[in-house]
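The structure under discussion appears below in the form of structure tokens.
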Amino acid sequence: MLDMSFWLKFLSFKMQRISTKINLYLFFSIFLVLLCMHFCFGINESQYYWDSGNYYIIGKSMFIDGKFSLFNICSDFRGVVFPFFMGVCYWIENTLHVNNAFYYLSSAILSILICVFFNFTVLLFANTRKLSGKSIVLRCYGALALLIIFFYGLIVYPLTDLYSALLCISSAYLLLVCFIEFKELNYFLCLLSGCFIYLAYNIRPIYLLSLLVFSVLLFFLGYKRIQWYKLVICEMLYCLGVAIAAIPQFILNWHLYQEFSPWVKNDNLFAQQLYWGLQYSRYATYTGSSLATSKLFFIDEAGVQIANEWVALGYPVTLGSYIKMIITHPLQYAGILGRHIINAFFILFPEQYITTLNKNTIIFAFISLLVVFAGLVLIFVKTRQHTISWGKCILVFSVILPSIAILLGAVEERFLVLPYLLLYGYISFFDWSILKSHINKKSVVCTICFLIVFCVISIVVENDILSNLKDFPLHLMW
């Protein structure tokens, strides 16, 4: 028999909230910051490149002559939700004649979701008894500043990664709140959680992993906290929330394929991503004028050899054949995965669409490494103090599982926004007072030595990755 007291011990949380007054203050201040960013950058539809341009085109196709029709959608490859959002922006601008609708709508939606993220961060990482309202606000601003510094392109361009990451976090937060202090009204939170995680999936299909994992996590969160029949109702409501959010996709799939299915038709995209991940350590999109191509592939020679063998043996691009290739080449694959992980430490192009290749990447490289190293040190300190919560570790792992999976593919920096969001929140809300007992000459020297080794190894590996850019080798430079 499974000893569920093990899970009850590890999945124990205390309810901590940001007050309504502070939430409102954060919402309006974040909204103004994001709106100012939009107007400062002035991105319009003529600058919607590749993915962002595709979302806009698909969205427009649903609003012809000012009238909405789901069946007019020109492509269903990217789901329904985000193209619909872009279509609404287009409709408001062209029918209601309100300029820059995307600026206002995206700023409002992201501000709400970022406030939910802050509440999730406080619930997981903060000790509100030690924090004043002013301190909470300043720490929230610290996490927001890090997000803007490293991922501002995800805010000013209509790209999906930040929206899906925040929706995933919001779904997890709703489940936590539901079971920490269960009330009858909390049934609605399970329904809403299911809606949010499906929206995240429809926007970025890799979040199917979270959709499935959260349904299991819900059971462990509710076990012995509430009566079994209430837990069953919660599970059913979570699934109902998924189904409600999936109604447009159900309708579209029936119309196009005569299939009553909530799933996005993406032609085995994950297996294709895995195949690309063998060949490329990093991928980026270039919009400048120095190169003839907009696709920047950073080649992994060892992976190319494996991929070529994959093709030569006639293996189809499927998950099963990918696993077979791993078993056949375990050491080479370990090296490929190691390079992908180290590459994930570097956020070098926060604009997402690269306009110049000869930029001071070394500065962003060092700041990225310092942030990652700081997070690792703080986690180590918590472990040494035996105050780290394994329940929180399980929850965080469940949330970032899609980003862990995408590490196996061709890594784009924007795919990493989810774990970095949680890292920024963890650093911002860490109880720095506990470091006092760990600061001494020996610990400082050891930390500096580890930092030097960490930076040197990471920079050497990243330099090698950048130098393998097809047709235009790069290096970390001033």
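General observations
- Looking at region 301-357, the helices (runs of 4 or more DSSP H) lying wholly inside it that each contain 2 or more residues that are in contact with a Leu (Cβ under 7 Å, 6 or more places away or on another chain) and among the hydrophobic types (A, V, I, L, M, F, W, C) sit at 301-312, 330-343.
- Verdict on residue 411 being in the same structural domain as residue 367 (by TED's automatic domain parsing), surrounded by 12 or more Cβ atoms within 10 Å (Cβ to Cβ), in contact with a His (Cβ under 9 Å, 6 or more places away or on another chain) and at pLDDT 85 or above: no
- Residue 159 within 23 Å of residue 36 (Cβ to Cβ) and of a type outside the set (Lys, Arg): yes
- When residue 232 is tested against (1) surrounded by 15 or more Cβ atoms within 10 Å (Cβ to Cβ); (2) over 27 Å from residue 322 (Cβ atoms); (3) among the β-branched types (Val, Ile, Thr), exactly one condition is not met: (1).
- Taking residues in region 172-200 that are in contact (Cβ under 8 Å) with a residue 60 or more places away in the chain, and partners anywhere that are of a type in the set (D, E, K, R), the pairs with Cβ atoms closer than 8 Å and at least 6 places apart or on different chains are 180/14.
- Residues that are surrounded by fewer than 16 Cβ atoms within 10 Å (Cβ to Cβ), part of a helix (DSSP H, G or I) and either of a type in the set (S, T, N, Q) or not assigned by TED's automatic domain parsing to the domain that holds residue 51 (or both), drawn from region 82-109: 94, 95
- Members of region 235-261 that are surrounded by 18 or more Cβ atoms within 10 Å (Cβ to Cβ) and outside any helix (DSSP H, G or I): 246
- Region 246-262 - residue that is touching a residue at least 60 places away in the same chain (Cβ under 8 Å) and under 24 Å from the mean Cα position of the chain (by Cα) and, of those, farthest from residue 83 (Cα to Cα): 262
- Failed condition for residue 316, given (1) touching a helix residue (DSSP H, G or I) at 6+ places or on another chain (Cβ under 6 Å); (2) over 27 Å from residue 475 (Cα atoms): (1)
- Region 358-376: number of residues that are crowded, with 17+ Cβ neighbours inside 10 Å and either of a type in the set (Val, Ile, Thr) or not assigned by TED's automatic domain parsing to the domain that holds residue 432 (or both): 3
- Boolean, residue 349 is under 22 Å from the mean Cα position of the chain (by Cα) and not basic (Lys, Arg): yes
- Residue count, region 308-357 (criterion: under 22 Å from residue 157 (Cβ atoms) and exposed (fewer than 15 other Cβ atoms within 10 Å of the Cβ)): 2
- Residue within region 62-77 that is within 30 Å of residue 257 (Cα to Cα), under 26 Å from the mean Cα position of the chain (by Cα) and touching a residue at least 24 places away in the same chain (Cβ under 8 Å) present: yes
- Tally, over region 148-200, of residues that are farther than 26 Å from residue 247 by Cα, at pLDDT 95 or above and outside any helix (DSSP H, G or I): 2
- Leading residue by the ranking (surrounded by the most Cβ atoms within 10 Å (Cβ to Cβ)) among those in region 468-478 that are within 14 Å of residue 362 (Cα to Cα) and not aliphatic (A, V, I, L, M): 475
- Pairs, first basic (Lys, Arg) in region 222-237, second at pLDDT 85 or above, C-beta under 8 Å, six or more apart: none
- Only listed residue being assigned to a helix (DSSP H, G or I) and either under 17 Å from the mean Cα position of the chain (by Cα) or closer than 21 Å to residue 209 by Cα (or both), chosen from 443, 398, 437: 398
- Every pair of residues 6+ apart whose Cβ atoms lie under 9 Å, when the first sits in region 431-445 and is of a type in the set (Gly, Ala, Ser) while the second is surrounded by 10 or more Cβ atoms within 10 Å (Cβ to Cβ) and at pLDDT below 85: 437/385
- Residue in region 213-231 that is of a type in the set (Phe, Trp, Tyr), in the same structural domain as residue 253 (by TED's automatic domain parsing) and outside any helix (DSSP H, G or I) present: yes
The values are calculated or read from the model by the stated rules, or taken from the named source; none is laboratory data. Just so it is clear, the model here is predicted, and its values are computed rather than measured. Neighbour counts are summed over all protein chains in view; Cβ atoms, including those assigned to glycine, are modelled from backbone coordinates with ideal geometry.
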